[in-house]
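Heads up: the structure comes next, in structure tokens.
The values are calculated or read from the model by the stated rules, or taken from the named source; none is laboratory data. A quick note: this is a predicted structure, and the numbers were derived from the prediction, not measured. Heads up, the Cβs are rebuilt from the backbone with ideal geometry, glycines too, and the neighbour counts pull from every protein chain shown. These area figures cover heavy atoms from the full protein model, side chains too; ligands, DNA and RNA do not enter into them. Shrake-Rupley method; radii C 1.70, N 1.55, O 1.52, S 1.80 Å.
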Amino acid sequence: MEVYIYISLFILGLCFGSFFNVVGLRLSAGQSIHKPRSHCPKCGHVLSWYELIPVFSYIFLGGKCRNCKSHISPKYLIFELLTGILFMLSYFVFGYSGELLVSVFFVSLFVIICVSDLEYMLIEDSVIIFFLIFIIILRLIFKIPEDFITFNLHPYLETLLGGIFGFGLLFSIAIIGKKIYKQDAMGGGDIKLYGIIGLVLGFKLTFMSLFLASIIGSIIGLSLTLLRIIQKGTPIPFGPFIAVGSLIAYFIGPDLINWYLNLLFNM
Ligand SMILES: [Zn+2]
């Protein structure tokens, strides 16, 4: 029985992932989601239904356009698979519960953001507003999990505190950054995104998410510079690091905190 749930969630994830590729790429480019129909960016060949099946079409067509044989980026495939895996992981962590639905929304938000941030270095406002509304509704229905709570607060207060903290902290960093460097250190999209993250994670896990995102971002940024893959001072999209940091905090944050506390007290 369990295995069927995992398979269903994986297939659902592949289909949604395919849709998120379109949403992430088109909305940020100011295009409509449904018009024109999906086509090859090189030759304009309109894709038929059998060229739009997630993963299978890509493999079947050998990663090339059927008409002009130009190469199709494997990132579409990667984001489809990633969504499928994250949907399964949501069930693995939260089981059949209300939090599963919150998790599916949360990972979907990050997939869309990674698609558009990697392509355009932009986090689209309409995406943020859509998810903000749904996350608020979901968090009112399905209260924040017990082990996310920081100070024995009422779940709603923890949610609110997380949201204010996430938004406020990034807003402050952005203002200070602008004072020091005389340029926008952080996109407005990142700031609003952290408001949503705070509502889902609560206070302590939002803090952890930002901590992890900064560390991972610094390590990767530094490595890319040292390996001369990018030049020093080249701006890197921060969205993917926020996504990784937040999802680690969301899926295993409370376990990480327990492990760390155990380590401290047993020294
Ligand atoms: Zn083509």
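Would you call Phe56 of a type in the set (Phe, Trp, Tyr) and more than 25 Å from Ser209 (Cα to Cα)? Spell out how you get there, then give the answer.
Numbers: of a type in the set (Phe, Trp, Tyr): yes; more than 25 Å from Ser209 (Cα to Cα): yes.
Taking the combined requirement at face value, the residue satisfies it.
For (1) at pLDDT 90 or above; (2) not polar (S, T, N, Q), each residue gets a yes or a no:
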position: Arg37; (1), (2): no, yes
position: Cys65; (1), (2): yes, yes
position: Tyr76; (1), (2): no, yes
position: Leu81; (1), (2): yes, yes
position: Met88; (1), (2): yes, yes
position: Tyr96; (1), (2): yes, yes
position: Val104; (1), (2): yes, yes
position: Ser108; (1), (2): yes, no
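From Ile141, Ile175, Ile137, grab the single residue that is among the β-branched types (Val, Ile, Thr), at pLDDT below 95 and either on the phi > 0 side of the Ramachandran plot or surrounded by fewer than 16 Cβ atoms within 10 Å (Cβ to Cβ) (or both).
Ile175
Considering every residue within the range 216-224, establish whether at least one is at pLDDT 90 or above, within 17 Å of the chain's Cα centre (by Cα) and not basic (Lys, Arg).
yes
Within the range 15-22, is even one residue open to solvent by 60 Å² or more (accessible area, probe 1.4 Å), assigned by TED's automatic domain parsing to the domain that holds Thr83 and within 16 Å of the ligand (Cβ to nearest atom)? Write out each step before concluding.
Step one: of the range 15-22, the residues open to solvent by 60 Å² or more (accessible area, probe 1.4 Å) are 15-16, 19.
When the remaining residues are screened for being assigned by TED's automatic domain parsing to the domain that holds Thr83, the result is 15-16, 19.
Then keep just the ones that are within 16 Å of the ligand (Cβ to nearest atom); that gives none.
Scanning the range 15-22 turns up no residue that is open to solvent by 60 Å² or more (accessible area, probe 1.4 Å), assigned by TED's automatic domain parsing to the domain that holds Thr83 and within 16 Å of the ligand (Cβ to nearest atom).
Can you tell me which residue is least open to solvent (accessible area, probe 1.4 Å) among those in the range 53-66 that are more than 14 Å from the ligand (Cβ to nearest atom) and of a type in the set (A, V, I, L, M, F, W, C)?
Val55
From the set of residues in the range 184-237 that are touching a helix residue (DSSP H, G or I) at 6+ places or on another chain (Cβ under 6 Å) and of a type in the set (Ser, Thr, Tyr), which is surrounded by the fewest Cβ atoms within 10 Å (Cβ to Cβ)?
Among those residues, the one meeting the criterion is Ser209.
Name the single residue that is farthest from the ligand (Cβ to nearest atom) among those in the range 26-52 being of a type in the set (A, V, I, L, M) and surrounded by 15 or more Cβ atoms within 10 Å (Cβ to Cβ). Before the answer, list the steps.
Start the filter on the range 26-52 by keeping residues that are of a type in the set (A, V, I, L, M), which leaves 27, 29, 33, 46-47, 52.
Of the ones still in play, those that are also surrounded by 15 or more Cβ atoms within 10 Å (Cβ to Cβ) are 27, 47.
Details: Leu27: 23, Leu47: 9 Å.
Within the range 26-52, the match that is farthest from the ligand (Cβ to nearest atom) is Leu27.
Residues checked against (1) under 14 Å from the mean Cα position of the chain (by Cα); (2) within 17 Å of Asp125 (Cα to Cα):
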{"residue": "Leu170", "(1), (2)": "no, yes"}
{"residue": "Ile176", "(1), (2)": "no, no"}
{"residue": "Ile197", "(1), (2)": "yes, yes"}
{"residue": "Phe203", "(1), (2)": "no, no"}
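Among the residues of the range 117-127, how many are surrounded by 21 or more Cβ atoms within 10 Å (Cβ to Cβ) and in contact with a Lys or Arg (Cβ under 9 Å, 6 or more places away or on another chain)?
Total satisfying the criteria: 1.
Tell me which residues, restricted to the range 67-87, are within 16 Å of the ligand (Cβ to nearest atom) and surrounded by 17 or more Cβ atoms within 10 Å (Cβ to Cβ).
Ile72, Tyr76
Right, Lys192: among the charged types (D, E, K, R) and more than 15 Å from the chain's Cα centre (by Cα) or not?
Numbers: among the charged types (D, E, K, R): yes; more than 15 Å from the chain's Cα centre (by Cα): no.
Spelling it out, it is not the case that Lys192 is among the charged types (D, E, K, R) and more than 15 Å from the chain's Cα centre (by Cα).
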